[in-house]
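See below for the structure under consideration.
The values are calculated or read from the model by the stated rules, or taken from the named source; none is laboratory data. Owing to the predicted nature of the structure, the values given are computational and were not obtained by experimental measurement. Backbone-built Cβ (ideal geometry, glycine too); neighbour counts: all protein chains shown.
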Amino acid sequence: MGKIERKLITCHLNVENYHAARNVLDRIPTNRKNQRLTRYLAYCVALRLNDNNQVQAALNNIASGPDEGNELLFACVSETVKHGNKRQGARLLQRMLDKYNYNPPPEVDTCAMLRCTARLLTSILDEEDARDEEVIARLCGIFKAGMPCVSVVLKSNADVDSCTTV
């Protein structure tokens, strides 16, 4: 039954009938609401309805539940950038970086994650034409955390240069 309910929510999201998706979600029993994909869909519905309280609640449910490889959290980042805003996306990426103390599991490309976060933060600064101290502080933290990535890139370039200068 949960699979059918999730498919119905997805269909409502696809046709941009967000309130109907919320109604289906509200009728789902608690035990099925706690399934990981249903929690993700709850996040998508709340995001598209601009319900910040529900967005945070759904995100907390996703972050606290089991998520092999953080697939749902990364999917939430993608949804946030598409349907939310850059500031929310940057906060979510920052939350993931903080969760792993800037050292995510091996299946996550740390350098790519830092680059994406930095791009979102710089685009926020560009769009708002204001000196947002919080964003600037987070951007500085991202650049500081990215120093090991720069070292790896410089070392790999040096190895390539030594191979080509024979």
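The sole residue among Val24, Val45 that is on the phi < 0 side of the Ramachandran plot, β-branched (Val, Ile, Thr), in contact (Cβ under 8 Å) with a residue 12 or more places away in the chain and out of contact with any Phe, Trp or Tyr (no Cβ under 8 Å at 6 or more places or on another chain) is Val24.
For the criterion of being at pLDDT below 85, touching a helix residue (DSSP H, G or I) at 6+ places or on another chain (Cβ under 7 Å) and assigned to a helix (DSSP H, G or I), Ile142 fails.
Per the conditions (1) surrounded by 14 or more Cβ atoms within 10 Å (Cβ to Cβ); (2) among the basic types (Lys, Arg); (3) modelled with pLDDT of 85 or more, the sole criterion not satisfied by Lys86 is (3).
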